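The values are calculated or read from the model by the stated rules, or taken from the named source; none is laboratory data. Quick caveat, the model's predicted, so the values are computed rather than measured. Cβ placement follows ideal geometry from the backbone for every residue including glycine, while neighbour counts extend to all protein chains displayed. Accessible surface is based on the protein model in full, side chains and every heavy atom, while ligands, DNA and RNA are left aside. Shrake-Rupley method; radii C 1.70, N 1.55, O 1.52, S 1.80 Å.
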Amino acid sequence: MGHSAAVWDYRAATEITKDWNGINQFLLRNPQGASARVSLHGGQVTSWRNEHGEELLFTSSKAIFKPPKAMRGGIPICFPQFGNCGSLEQHGFARNKIWTVDDNPPPLHPNDSHGKSFIDLLLKPSEEDQKGWPHSFEFRLRVSLTTDGDLILISRVRNINGKPFSFSFAYHTYLSVSDISEVRIEGLETLDYLDNLCQRERFTEQGDAITFESEMDRVYLSSPNVIAVLDHEKKRTYVIRKEGLPDAVVWNPWDKKSKSMVDFGDEEYKQMLCVDGAAIEKPITLKPGEEWTGRLQLSVVSSSFCSEYLNL
Ligand code: TA6
């Protein structure tokens, strides 16, 4: 009888630990040694490492790990409001909440489970939340790690209310980069964007690729579903694939704003860049019983291979 290759038990590959606030966090691993960590605090991904153990997400050395404030780094989730364009706190309340494990989520496509380490989380509004945002919803989040080391986030927001509601959304993704002045974004050329540094005035992107020499805080509209962030120094490219997320936020605070943020180092803007899959310009509206899905897949490829990704 031939020996079958050791089958990787993905369920067993999920380790539960408690952070220093006693909040559960889940460490997903794959057979190649890559990993991702997700906290019940905000359903926030707080780490994503490649098979060499290199951290791919930025976290500030001054990050505050004290709920309810979301920690500065990883992938906080902005819901049901992006930014301060609404009556709620900046970026909504989801990132400040303690989520629960979803033991029995409605099925996803088999491809979203097969050969992946994953964890399913659930957020339901508290009575307190409903005072500020009077809507009943179920927010299901699956975070998974593939055998290739890709990080996938699948959000499903269901309206279990008696009446329609609308929301905006972003995966506020803090990418770790070697030197911001050596980074370029491809895929957002010629698009219109709302400039948060100019009262959300609308402009059209002129440049071929986006490069950085000052503060940037923009919402690129109707962006393609594949965007590439090229880090020349590290000869690597982040390939961002998104579905159900028409907009892309690009944020780097640069020097002045960095100094104004207590949970961010003055020079740290050089090692991070936020590129968020988002739905902002046209809020998502759900009728009772309807469900929205927003999918983000992050991959890292060596820069010499990136162009073929963009032709998808
Ligand atoms: O567009 C990104 C942004 O809205 C910026 O304006 C900046 O405020 C950033 O998010 C961080 O927000 P936070 O509330 O986490 O400090």
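Within the range 45-65, identify whether any single residue is among the acidic types (Asp, Glu) and in a loop (DSSP other than H, G, I, E, B), and answer yes or no. Yes; the residues of the range 45-65 include at least one that is among the acidic types (Asp, Glu) and in a loop (DSSP other than H, G, I, E, B).
Filtered by the rule that a residue be modelled with pLDDT of 95 or more and of a type in the set (D, E, K, R), the range 104-135 gives Asp120, Lys124. Any residue at all in the range 188-210 that is out of contact with any Asp or Glu (no Cβ under 8 Å at 6 or more places or on another chain), at pLDDT 95 or above and away from the ligand (no atom under 16 Å from the Cβ)? No; the residues of the range 188-210 include none that is out of contact with any Asp or Glu (no Cβ under 8 Å at 6 or more places or on another chain), at pLDDT 95 or above and away from the ligand (no atom under 16 Å from the Cβ). The residues on offer are Gly53, Gly2, and the sole one that is open to solvent by 10 Å² or more (accessible area, probe 1.4 Å), at pLDDT 95 or above and out of contact with any strand residue (DSSP E or B) (no Cβ under 7 Å at 6 or more places or on another chain) is Gly53.
Does any residue of the range 58-66 turn out to be away from the ligand (no atom under 13 Å from the Cβ), open to solvent by 20 Å² or more (accessible area, probe 1.4 Å) and not polar (S, T, N, Q)? Yes, because at least one residue in the range 58-66 is away from the ligand (no atom under 13 Å from the Cβ), open to solvent by 20 Å² or more (accessible area, probe 1.4 Å) and not polar (S, T, N, Q).
Name the residue that is farthest from the ligand (Cβ to nearest atom), counting only residues in the range 158-181 that are part of a loop (DSSP other than H, G, I, E, B) and not charged (D, E, K, R).
First, pick out the residues of the range 158-181 that are part of a loop (DSSP other than H, G, I, E, B): 160-164, 172-173, 177-179.
Adding the requirement that they be not charged (D, E, K, R) leaves 160-162, 164, 172-173, 177-178.
Values: Ile160: 28, Asn161: 27, Gly162: 31, Pro164: 26, His172: 7, Thr173: 11, Val177: 16, Ser178: 22 Å.
If we take residues in the range 158-181 being part of a loop (DSSP other than H, G, I, E, B) and not charged (D, E, K, R), then Gly162 is farthest from the ligand (Cβ to nearest atom).
Yes or no: the range 117-137 includes at least one residue that is within 16 Å of the ligand (Cβ to nearest atom), free of Cβ contacts under 8 Å to residues at least 40 places away in the same chain, under 24 Å from Ser168 (Cβ atoms) and out of contact with any strand residue (DSSP E or B) (no Cβ under 7 Å at 6 or more places or on another chain). So that I can check it myself, show each step before the final result.
Here is the first cut: in the range 117-137, the ones within 16 Å of the ligand (Cβ to nearest atom) are none.
No - not one qualifying residue is present in the range 117-137.
When you scan the range 67-78, how many residues do you find that are part of a loop (DSSP other than H, G, I, E, B) and within 12 Å of the ligand (Cβ to nearest atom)? The number of residues fulfilling the criteria is 6. Out of everything in the range 84-95 that is within 8 Å of the ligand (Cβ to nearest atom) and under 15 Å from Pro283 (Cα atoms), what residue ends up being modelled with the lowest pLDDT? For the range 84-95, the residue satisfying everything is Asn84.
When you scan the range 158-167, how many residues do you find that are touching a strand residue (DSSP E or B) at 6+ places or on another chain (Cβ under 9 Å) and open to solvent by 10 Å² or more (accessible area, probe 1.4 Å)?
At the first step, the residues of the range 158-167 found to be touching a strand residue (DSSP E or B) at 6+ places or on another chain (Cβ under 9 Å) are 158-161, 164-167.
Going one step further and asking which of them are open to solvent by 10 Å² or more (accessible area, probe 1.4 Å), we end up with 158, 160-161, 164, 166.
Adding up the residues that qualify gives 5.
In this structure, Gln81 qualifies as part of a loop (DSSP other than H, G, I, E, B), within 12 Å of the ligand (Cβ to nearest atom) and buried (at least 18 other Cβ atoms within 10 Å of the Cβ).
Can you confirm whether Ile98 is open to solvent by 40 Å² or more (accessible area, probe 1.4 Å), away from the ligand (no atom under 16 Å from the Cβ) and not charged (D, E, K, R)? Against the criterion (open to solvent by 40 Å² or more (accessible area, probe 1.4 Å), away from the ligand (no atom under 16 Å from the Cβ) and not charged (D, E, K, R)), Ile98 qualifies.
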